[in-house]
Amino acid sequence: MAIFEPVGPHRWQPTALAAGPFAGLQGGAVASLLTAEIEALAEQRKWGTAITSSAWFLRPTPMTVLRTGLSVVAEGGRVSVVDNTLWPDGEDQPSATVRVTLSRERAVEVSGFAEPASDAADPTRFPVRTRQAAHGRPWFMDAMEAREGGGVAWFRMNQAIIDGAGPMSSLPLSSVLGPADWTHGIARPFRDVVADPNPNLTVQLFRRPEGRWIGIRAQAKWRPAGGLGAGSGVLLDINGEIGRVSMSVILVPFPGSPKPESAAGPAPASN
C-alpha cells in the first residue's frame, strides 16, 4: 500500500504514515506527493528526469482527502518546469505547492573526466534510530528505516509515495524528499527546546540514487534571538554524492508549552 491512495483524478487520501509529529501531515510527505504526481507523468509527457523540487508549505495540511492541480510553466526540448499545488478537499486556500524542474539526460564528452571511485557504504552497520511522534500514533518516520553513523544519517523508504512514480530499486526524486526533509533536525544545535518547522524545502540532484538508501551529511544554524535558522546538507547514496538539500527554519515553542514569564510577571500575548 502506498502512503497516498488515489480516490479520483488528482484526489488523494493520505494514510496514517503521512502524518507529522504533531497535527496534520509531515511536510516531506506533502512535497513527496506533489513531486511524485509530476514524476508519474514525466515519461508520458517526455519531460525527462526530475532534477530539482522546491516546495513551499503555506499552512498545515490536515489529514483529509486532498486535491492537486498541475500547471506546466515551461515545456522545452531539454528542460521543463511544472508546478503542482495542493488543497484540502472543499477548501479554496492552498496548503502547499512545489515547482519541479525536469531535464532530458544527454551524454556530454569531457576530455580527461572520470567518475570518482569510492567504496560502497553499508548503512546497515550503523545502529537503527527510532523516534516517536508527539501524538503517539503512526507517522511519516514509520515509513522508513533510519540509521546514523560516521557523520551521516541514512534513510531507506519502505513504502511508495504513490504507485507508479518510479521503481523502488532506483529511487525517483519524490522518494528523496521525505528523508531530505529531516535535514535541519538531524544537525539541530539544541534538542527538545523548541519546535523547528521548515516553511520550504529544496532538493537538487545531479544523478539519480542507486539503491534505496539515502544519506544526509547535514548542518543547521539557528539564531534564537530572531527565531530563525537554516538547514542544509549533502545528499548521498551508497556510492557517493548525489545532490544537495536546503531549507529555512522557523523557531516556535512546542505546542502546548507554557509562555515564558519574566520577573515582572507573565509575558504579554503576541499579536
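The values are calculated or read from the model by the stated rules, or taken from the named source; none is laboratory data. Note that the structure is a prediction, hence the values are computed from the model and not measured. We place every Cβ from the backbone using ideal geometry, glycine too, and count neighbours over all the protein chains shown.
What the table shows:
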read-out: Residue match in the range 181-196 (condition: among the polar types (S, T, N, Q) and either in contact with a Leu (Cβ under 9 Å, 6 or more places away or on another chain) or touching a residue at least 40 places away in the same chain (Cβ under 8 Å) (or both)); value: yes
read-out: Filter pass, TRP47 being touching a strand residue (DSSP E or B) at 6+ places or on another chain (Cβ under 8 Å), more than 30 Å from PRO253 (Cα to Cα), surrounded by 15 or more Cβ atoms within 10 Å (Cβ to Cβ) and of a type outside the set (A, V, I, L, M); value: yes
read-out: Residue check, GLU37 under 29 Å from GLU75 (Cα atoms), crowded, with 24+ Cβ neighbours inside 10 Å and of a type in the set (Asp, Glu); value: yes
read-out: Test: residue in the range 185-195 that is under 26 Å from LEU25 (Cβ atoms), of a type in the set (Val, Ile, Thr) and under 13 Å from the mean Cα position of the chain (by Cα); value: no
read-out: Single residue of THR68, THR64 found to be in contact with an Asp or Glu (Cβ under 9 Å, 6 or more places away or on another chain), in a loop (DSSP other than H, G, I, E, B) and without any contact (Cβ under 8 Å) to a residue 60 or more places away in the chain; value: THR64
read-out: Which listed residue, of VAL203, VAL98, is over 25 Å from ILE238 (Cβ atoms), under 18 Å from the mean Cα position of the chain (by Cα), surrounded by 16 or more Cβ atoms within 10 Å (Cβ to Cβ) and at pLDDT 85 or above; value: VAL98
read-out: Filter result for LEU201 (out of contact with any Cys (no Cβ under 6 Å at 6 or more places or on another chain), assigned to a strand (DSSP E or B) and farther than 16 Å from VAL152 by Cα); value: yes
